[in-house]
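The values are calculated or read from the model by the stated rules, or taken from the named source; none is laboratory data. Everything numeric here is computed off the predicted structure, so don't read it as measured data. Note that we place each Cβ from the backbone using ideal geometry, even for glycine, and neighbour counts take in every protein chain shown.
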Amino acid sequence: MTTLSPQGAKSPPPPINIANMKPEELWALQSTARSAFAEGQTLSEKLGVSPDEIKARYGTVSALCDKGQFAQALTGALELLLLAPTDWRSAFLVGTCLQRLNRPTEAVPYYSWVLAQTTSAAAQFRIGECMWAAGETNAARDAFLSVLNSTGKADPVHTLALTAAKSLPATAVPH
């Protein structure tokens, strides 16, 4: 919640840190999120977290990912997903962190969430990578072929998907 300083100016809400929350605090947060949803709000609106704060948090989490600090970034990405569940970038970050932490089957639902909101070829490609890592070569092939069918040859994701699909056993890929 936003608090007022002695001068009457609003101070920023305290950051959510789900990694250090006690079970009862997580339950309270879940209750607040449900209440917000019932009232037609997002959790960020209910807690008074501004769009600028969300943007800053997104930048911080993205920077951690860029540095390869996926374990640290995962907590922040999950917090972003709680605060702004309709922003597909948060789900993509969660999926990325889980995938890079060698948890591919856990990453797939987050990439699928992205696909439910966008037509992201990158998310479809990542699903293919995760399926391949999980030993699901048919599902991986389907994901890579979906990328090939939805992107042009000039798209960098198209090239990645073509290379990945050709690496799968018994894959017939159009050239």
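Observations
- Residues of segment 11-41 that turn out to be within 19 Å of Val94 (Cα to Cα) and at pLDDT 80 or above, as a count: 0
- Which numbered condition Ala63 fails, given (1) at pLDDT 95 or above; (2) under 25 Å from Ser167 (Cβ atoms); (3) not aromatic (Phe, Trp, Tyr): (2)
- Some residue of segment 66-78 being under 29 Å from Leu162 (Cβ atoms) and in contact with a Pro (Cβ under 8 Å, 6 or more places away or on another chain): no
- Verdict on Arg126 being surrounded by 15 or more Cβ atoms within 10 Å (Cβ to Cβ), farther than 20 Å from Leu168 by Cβ and modelled with pLDDT of 95 or more: no
- Options Tyr58, Tyr110; residue that is closer than 30 Å to Pro169 by Cα, of a type in the set (Ser, Thr, Tyr) and within 11 Å of the chain's Cα centre (by Cα): Tyr110
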